[in-house]
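Data first, discussion second: the structure below is written as structure tokens.
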């Protein structure tokens, strides 16, 4: 049993609460706290030194990343973030200057998005720094796109360019909050997720939740400059197109809309967000599975999107 | 600068949000999410292996403790807990059975108090287990006792018996949720806090926030059997009465009510909670500082309550 399977098993029979609209398994939990117009979003996310960031990283960028990951989950629900609590677990000989810089990075991003940091705690983790952020937000009731809403015939879109985030973007990315809210206000978004585990894996989460399949167009996948540079930098690196399909931490949005909305959406997007690319990368199919179409034809994509692209 | 001072400095100028009723510095943040009758409580708390629990501890008890600490904070606001997210940071070679037992402990306590566990995540902390719980709850608007509400002349009460929690109670304690709600429904509770850092330290949090002092009656402090046993067990142990004043993790409630309510409260409490001791341990004074009165007179108590009691 791998970790994902174990957690699925452990969380299958958790206690519930009547005000839970969406529990474990989407980007945020969705809760009803009595406002007739809005629902409450609830999410936590942790970053760990040596795993999600290197020990020598500027702590302001670490603080930015810790909060931005949660904000990206709120974006995936087309929400507005409101309040955060910050848990810092640090070695006993922690450096005051380090924590000041960390809070500076957190606070700058929080202020930019109107998020109140309303507390938290500092505790001890002797060997390394761990930062866990708990986030609250709200969304318009009935306008919260879930992973489970994709329908056969939908067009699949992604924002930005994919792959190579480890070169730097994973620390500095901007959560797509304004874009997500604009999307649900102007178009019937059926499903949405933020890309944290890589396009191939995250799209599979949508397909599984929606009980559908998808066909991607190889040439339509937007490949980032960082993915191309990383691919060129060493002979052993994965090809840039594989990186775009499989690298984690892009924190772009993937969403689906009915296919007849695809062209109007692309037109409206260019006017609303001229500086951010939007790509239609494929379509949702009734047949399960994830396939990739290119000039050679159509073939299944593995979970990691990787094996079929490796050169022999 | 010590840790507490550093965190106070770091959190003094955090970004705010207009719906924040109470931010950092009380047992929970208190937020307005649009329900005219109720406010929302928001809190996180983490436990770390080797610090808050020993490596060999039954994981079900660890799970219980991780959730119970957050529930105790909700109790201190006279709230009703509703939803939790659980972050497990575990070494890569984690044991599936361990996590199952941990979730069993968490789930049993959550179900007992009607808390929905609506998600969370598992991440890697290579050297030790860390469990962070993010908690939401609600409270009746206008019936949330803060640390800042104590007034000169108030009587100071504590539930249960104090000291020696490390002998076992810190893993198995029952958060005083029902008692706290009963209190605010029946009596004008001015201030309330849960005892996590020890009576002397936590009372000082109330005194500082309320800008008042307090005089405790030495003989009225309820000393637990565990504190007496620990004191007897070794010559170097602190005396039981010092343990009751200074040991952490009692997770009992400390609160103040106008002194004229003290006798009616004690009478009503005995009927409502015949199995849980309630002690009036002193009074709030206009003069700042914390003093202890016994047969020898009245003398100041140090932050830790300790020095003045040590035998020469």
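Odds and ends about this structure:
- Between this copy and the others, label points of residue A:58 are 5.1 nm apart in ascending order, each placed 7 angstrom from Cα in the Cβ direction.
- Treating each Cα of the stretch B:83-224 as an identical point scatterer and summing with the Debye formula, the log10 of I(q)/I(0) at q = 0.09, 0.12, 0.18, 0.22 Å⁻¹ comes to -0.40, -0.69, -1.20, -1.41.
- Over the Cα atoms of chain A, the radius of gyration divided by the Kirkwood radius equals 0.96; this is the Rg/Rh ratio.
- Ranked packing of A:41-48, A:70-77, B:267-274, most packed first, by mean Cβ within 10 Å: A:70-77, A:41-48, B:267-274
- Selected from B:82, B:11, B:123 as most flexible by GNM, with chain B as the system and alpha-carbon contacts under 10 Å: B:11
- Scattering from the stretch A:37-95 was approximated by placing one identical point on each alpha carbon and applying the Debye formula without solvent; log10 I(q)/I(0) at 0.21 1/Å stands at -0.88.
- Pairwise label distance in nanometres, residue A:96 with residue B:272, each label 7 Å out on the Cα-Cβ vector: 4.4
- Cβ neighbours within 10 Å from other chains - mean over A:7-14: 6
- With a 10 Å cut-off around each Cβ of A:134-141, the average count of Cβ atoms from other chains is 3.
- Per-copy distances of the residue A:233 label point, shortest first, in nm (7 angstrom along Cα→Cβ): 5.5
- With 0.36 nm allotted per residue and the present C-alpha distance subtracted, the residue B:140-residue B:108 stretch has 8.9 nm of extension available.
- Mean projected area in nm² (Cα convex hull; one quarter of hull surface) for the stretch B:15-140: 8.3
- Sorted shortest first, the separations between the residue B:114 label point and its copies elsewhere in the assembly read 3.2 nm; each point sits 7 Å from Cα along the Cα-to-Cβ line.
- Over the stretch A:147-307: Rg over Rh, Cα atoms, Kirkwood Rh: 0.95
- Projected area, mean over directions - the stretch A:203-245, Cα convex hull, nm²: 3.6
- In the protein assembly as shown, the alpha-carbon atoms span a convex hull of 162 Å³ per residue.
- Rg/Rg_ref, the stretch B:164-240, where Rg_ref = 2.2 N^0.38 Å and atoms are Cα: 1.32
- Convex hull volume of the stretch B:251-304 per residue (C-alpha atoms, cubic angstrom): 133
- Inter-centroid distance (Cα atoms) of the stretch A:164-185 relative to the stretch B:68-102, Å: 30
- Note on the stretch A:3-140: antiparallel DSSP beta bridges, both residues inside, total approximately 75 percent of the bridges counted.
- Subtracting the Cα-Cα distance of residue A:211 and residue A:172 from their residue separation scaled by 0.36 nm leaves 10.6 nm.
- Along principal axes, Cα extents of the stretch A:82-139, largest first, whole Å: 39, 18, 14
- Number of partner chain Cβ atoms within 10 Å, mean per residue of B:38-46: 6
- Gain upon complete extension [residue B:21, residue B:185; 0.36 nm per residue less C-alpha separation]: 57.0 nm
Each value in this text was obtained by applying a stated rule to the coordinates, not by laboratory testing. In this text the structure is predicted, and so the values were computed from the model without any measurement. In this analysis, Cβ positions are derived from the backbone assuming ideal geometry, glycine residues included, and neighbour counts consider all displayed protein chains.
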